[in-house]
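The values are calculated or read from the model by the stated rules, or taken from the named source; none is laboratory data. All figures in this text were calculated on a predicted structure; none of them were measured in a lab. In this analysis, Cβ positions are derived from the backbone assuming ideal geometry, glycine residues included, and neighbour counts consider all displayed protein chains. Only protein heavy atoms, including side chains, enter the accessible area calculation; ligands, DNA and RNA are left aside. Shrake-Rupley method; radii C 1.70, N 1.55, O 1.52, S 1.80 Å.
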Amino acid sequence: MSHSSLVVNKFKSLQAISCIFAVLALATGSSAIAGGHKGAAPAGPGDIVDVAVSAGTFNTLVAALGAAGLDGALKGDGPFTVFAPTDDAFAALPEGTVESLLEPENKEQLKAILLYHVVSGKVMTADIKGTINPATLEGSTLKVVNAWGTITVNGANVVGKNVEAR
């Protein structure tokens, strides 16, 4: 297995070991963040990136989006659903993984990893009945399950739900 495959697999394992949240877009092109965000959404929420910045628990994600050149894309029209690791999830990766991914020569790999966490369309927690399998923008399929009110994505618990963004 190549080094890049190992890094991708380690990053995908975030879903098995750490908290995630989802950034959701409403059908009108506005967006929302689900999970991991503590406290109320800011008044007059910004776009997905602005809300992630203001939450204060997604700093590594925001830096990664910038390094991959995806921050502008998530400021555009949606709808999108982004299942995104918190800073704690990134911290749980093996030492040096995040730093390596942020290197300019790894931009395409980082972009693929981040797009693995993005689904086109609106996925609201209240709309998840049983199991759904949305395709990611990276090309993989996620397994999103609502079992007795507990929502998981590929086995990882969603830790918060539907905080709105523009």
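Taking the range 60-91 as the search range and keeping residues that are open to solvent by 50 Å² or more (accessible area, probe 1.4 Å) and in contact with a helix residue (DSSP H, G or I) (Cβ under 7 Å, 6 or more places away or on another chain), which one is nearest to LYS107 (Cα to Cα)? Steps first, answer last, please.
Pass one, the range 60-91, residues open to solvent by 50 Å² or more (accessible area, probe 1.4 Å): 63, 71, 73, 75, 77, 88, 91.
After this cut, where a residue has to be in contact with a helix residue (DSSP H, G or I) (Cβ under 7 Å, 6 or more places away or on another chain) as well, the list is 71, 75.
Values: ASP71: 13, LYS75: 19 Å.
Per the stated criteria, the residue is ASP71.
A quick yes/no check of all residues on (1) among the small types (Gly, Ala, Ser); (2) in contact with a strand residue (DSSP E or B) (Cβ under 7 Å, 6 or more places away or on another chain):
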position	(1), (2)
VAL82	no, yes
ASP88	no, no
LEU93	no, no
GLY96	yes, no
GLU99	no, no
PRO104	no, no
SER120	yes, yes
VAL123	no, yes
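Within the range 44-59, which residues are open to solvent by less than 30 Å² (accessible area, probe 1.4 Å) and assigned to a helix (DSSP H, G or I)?
Within the range 44-59, the subset open to solvent by less than 30 Å² (accessible area, probe 1.4 Å) is 46-49, 51-52, 55, 58.
Once the filter is applied, which keeps residues that are open to solvent by less than 30 Å² (accessible area, probe 1.4 Å) and assigned to a helix (DSSP H, G or I), the range 44-59 yields ILE48, VAL49, VAL51, ALA52, ALA55.
Looking only at the range 106-159, how many residues end up being surrounded by 12 or more Cβ atoms within 10 Å (Cβ to Cβ) and acidic (Asp, Glu)?
Total satisfying the criteria: 1.
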